[in-house]
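Asks: Here it is: the structure, laid out below.
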Amino acid sequence: MLTSLLLSGFLTLNPFQPTPAVPFNAAPVVASVEPCQIYGSIFLEKDPRRRSQCFATVYVEPEETFADVLVYQENNKLFADKAGFWYFTGARDFADYVLFVTDNRALADFSIQYTKIRSYAGCRNGK
């Protein structure tokens, strides 16, 4: 029993094994969120405890001028096929994107503004 303990300890501390290619404490790569690529079925999360489970954080702008995306609410999921056309779902599990809604503009990845005119919907940065 003692020999098996010593053998397993030696194999664990093997000085001959190569160094790992990726360090164990490497931070994950965080990519920026592209708001012009978000469309389809959307679930808006308002519970701050579930913020880490969301795809991105959005801020609802009071003014249309400063919004990154103008959002038109579609009644059918099939028509939500371009940027700015969102179908809001009531269930998190059936959504393509889960977005956290914040009251603080500084914490948001991008900002949205709702529009009632379908032709106005889309990205505001020219993409």
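Asks: Can you tell me which residue in the stretch 9-35 is nearest to residue 101 (Cα to Cα), limited to those that are modelled with pLDDT under 90 and not in a loop (DSSP other than H, G, I, E, B)?
Replies: The residue in question is 12.
Asks: Still on this structure, I have one more. Hey, among the residues in the stretch 89-127 that are more than 16 Å from the chain's Cα centre (by Cα) and of a type in the set (Phe, Trp, Tyr), which one's modelled with the highest pLDDT?
Replies: Among those residues, the one meeting the criterion is 114.
Asks: Within the stretch 105-127, does at least one residue satisfy the condition of being out of contact with any helix residue (DSSP H, G or I) (no Cβ under 9 Å at 6 or more places or on another chain), at positive phi and without any contact (Cβ under 8 Å) to a residue 12 or more places away in the chain?
Replies: Within the stretch 105-127, one or more residues are out of contact with any helix residue (DSSP H, G or I) (no Cβ under 9 Å at 6 or more places or on another chain), at positive phi and without any contact (Cβ under 8 Å) to a residue 12 or more places away in the chain.
The values are calculated or read from the model by the stated rules, or taken from the named source; none is laboratory data. Source: prediction; values computed, not measured. No Cβ is skipped: glycine too gets one built from the backbone with ideal geometry, and neighbour counts run over all protein chains shown.
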